[in-house]
Amino acid sequence: MKVIFICGSVDPGRDGVGDYTRRLCATLYKLGITVGILAINDGSVSKPEETTQNEDGVNVEVYRLPNILAQKKRYKLAYSWIDKIDPNWLSLQYVPYSFSQKGIPIGISSKLLKLGKGRKWHIMFHELAIGIEVGASIKDILIGKVQIQIIRSLLQKLKPSIVHTQTHLYRQILDDIGFNSSYLPLFSNIPRENKIDSIISDKKKLIHKSKNLNFLVFGGIQPNSPIDSFIMEAKNFASTNNLSMKMIFVGRNGKELTNWSIICKKNSVNFEILGEKPRKEISYILSDANYGISTTPFILSEKSGSVAAMHLHSLPVICVARDWVVKVKINKNNSSVMNYQVGNFDNMINNSQAIHKIDNTVTQVAKLFLNSLNVKNL
């Protein structure tokens, strides 16, 4: 079986969906599936580039089409490449801003319809629309409505055999506009090094059995989180329990890192900024922490690659994020992330071992993906 994945960009380490797609492809290849990636709006190349990208020891076939090339020319080249490979399935990895700088890829459904003529479609919705939260600006709400209409068009015209998304919120929104979808959990783009299994099994004890209270922040930090109160409560907990507290920052944290550093200094809390590191080293850093911190709004935690990496490394994850409320009723019982609210720190930490655990490896997710396509004998 042949599957071609379509995304916006595959710039390694710079595009989360591209990294996700490449790693999924490498795993599917190991399971006996012929795969390739079409990056149809790539901002990191200046001319069409047919190449391979190595992932987990697999050279994944990639065709990168630059966004500076006229759209009509890009799709013409894409049609030729797809016809040459002649896949059974096309898998659209959808994020509106991957296919349009303004997040409004007008006409994409008609263009993709021609691309997939005679082939089965799968769509993975990594993101849907902006402006869905309570209190959103009029501009974002209007853009979001257009984005939802584009999604309707995609689903109506492509008629995908399978639709996936990785959050229960997005599943409910798709259901509300009349389309069924299935939940495909996100896997970590940071593989767990085999040698750290013993470290993890020794470290993941109840908090009072350790002398350290190390919090790890991995990746981008979103603004307006209640970090002041969190730091104060964490510091008080550490003092009461005779623990050594430390904040550790790794990856591209963004401009909010400056604010968090100032708050740590103000409260005399030790912190370390490690910056960008190779994936293997990040795996060891993750395994050595006590808790992970996510600043992605609680209801969107399922779509965070950082959270997925923390889960894979058996880290309890604390959401320290701004309030982000939607008017959508979600049917989901268990959460794998603890939601920090002012005043609940002690109770949250003391009950952290009871939190719902997730350990979705890329192989598990790849098999779920293939099972949904009715591919047997894995």
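Checked against (1) of a type outside the set (S, T, N, Q); (2) open to solvent by 50 Å² or more (accessible area, probe 1.4 Å); (3) in a strand (DSSP E or B), Ile318 passes all but a single condition, namely (2). When the stretch 282-299 is filtered for residues that are more than 17 Å from Glu256 (Cβ to Cβ) and either open to solvent by less than 10 Å² (accessible area, probe 1.4 Å) or part of a helix (DSSP H, G or I) (or both), the ones remaining, listed by number, are Ile282, Ser283, Tyr284, Ile285, Leu286, Ser287, Ala289, Tyr291, Phe298, Ile299. With respect to Leu158, is the statement that it is within 20 Å of the chain's Cα centre (by Cα), under 26 Å from Cys25 (Cα atoms) and buried (at least 19 other Cβ atoms within 10 Å of the Cβ) true? Judged against the criteria, Leu158 is not a match.
Evaluating Ser198 against the criteria (1) modelled with pLDDT of 95 or more; (2) more than 23 Å from the chain's Cα centre (by Cα) leaves one unmet condition, (1). One residue alone among Leu31, Leu38 is of a type in the set (A, V, I, L, M) and either without any contact (Cβ under 8 Å) to a residue 24 or more places away in the chain or buried (at least 19 other Cβ atoms within 10 Å of the Cβ) (or both), and that residue is Leu38.
Could you tell me whether Lys277 is charged (D, E, K, R), within 30 Å of Cys25 (Cβ to Cβ) and modelled with pLDDT under 90? Criteria not met by Lys277. May I ask you to list the residues in the stretch 156-169 that are under 17 Å from Asn360 (Cβ atoms) and either assigned to a helix (DSSP H, G or I) or out of contact with any helix residue (DSSP H, G or I) (no Cβ under 6 Å at 6 or more places or on another chain) (or both)? His164, His168, listed by residue number.
Considering each residue of the stretch 50-63 in turn, at least one proves to be open to solvent by 70 Å² or more (accessible area, probe 1.4 Å), modelled with pLDDT of 95 or more and more than 23 Å from the chain's Cα centre (by Cα). Applying the condition of being open to solvent by 60 Å² or more (accessible area, probe 1.4 Å) and either touching a Leu at 6+ places or on another chain (Cβ under 7 Å) or assigned to a loop (DSSP other than H, G, I, E, B) (or both) to the stretch 133-155 and asking which residue is nearest to Ser91 (Cα to Cα) yields Val134.
Return the total of residues in the stretch 361-378 being in a loop (DSSP other than H, G, I, E, B), open to solvent by 40 Å² or more (accessible area, probe 1.4 Å) and not hydroxyl-bearing (Ser, Thr, Tyr). Total meeting the criteria: 4.
On the basis of being touching a residue at least 40 places away in the same chain (Cβ under 8 Å), among the hydrophobic types (A, V, I, L, M, F, W, C) and either open to solvent by 50 Å² or more (accessible area, probe 1.4 Å) or assigned to a helix (DSSP H, G or I) (or both), does Met310 make the cut? So Met310 passes the test. Restricting attention to the stretch 339-347, does a residue exist that is under 16 Å from Phe230 (Cβ atoms), of a type outside the set (A, V, I, L, M), touching a helix residue (DSSP H, G or I) at 6+ places or on another chain (Cβ under 7 Å) and in a strand (DSSP E or B)? Yes: one or more hits.
Does Ser268 satisfy the condition of being part of a loop (DSSP other than H, G, I, E, B) and either open to solvent by 50 Å² or more (accessible area, probe 1.4 Å) or touching a Pro at 6+ places or on another chain (Cβ under 9 Å) (or both)? Considered against the rule, which asks whether it is part of a loop (DSSP other than H, G, I, E, B) and either open to solvent by 50 Å² or more (accessible area, probe 1.4 Å) or touching a Pro at 6+ places or on another chain (Cβ under 9 Å) (or both), Ser268 comes out as yes. Scan the stretch 75-90 for residues that are touching a strand residue (DSSP E or B) at 6+ places or on another chain (Cβ under 8 Å) and open to solvent by 20 Å² or more (accessible area, probe 1.4 Å) and the total you get is 4.
Condition check: within 21 Å of Lys303 (Cα to Cα), under 24 Å from the mean Cα position of the chain (by Cα), among the β-branched types (Val, Ile, Thr) and open to solvent by 20 Å² or more (accessible area, probe 1.4 Å). Does Ile130 satisfy that? When the stated conditions are applied, Ile130 passes them. Somewhere in the stretch 33-44, is a residue more than 22 Å from the chain's Cα centre (by Cα) and more than 27 Å from Asn371 (Cα to Cα)? No, every residue in the stretch 33-44 fails to be more than 22 Å from the chain's Cα centre (by Cα) and more than 27 Å from Asn371 (Cα to Cα). Out of all the residues in the stretch 231-253, is one or more in a helix (DSSP H, G or I) and under 20 Å from the mean Cα position of the chain (by Cα)? No.
The values are calculated or read from the model by the stated rules, or taken from the named source; none is laboratory data. The structure presented is a predicted model; accordingly, all values stated were derived computationally and were not measured. Quick reminder, even Gly has a Cβ in these numbers, built from the backbone with ideal geometry, and neighbours come from all protein chains shown. When the accessible area is computed, the model is the full protein with side chains, heavy atoms only, and any ligands, DNA or RNA have been set aside. Shrake-Rupley method; radii C 1.70, N 1.55, O 1.52, S 1.80 Å.
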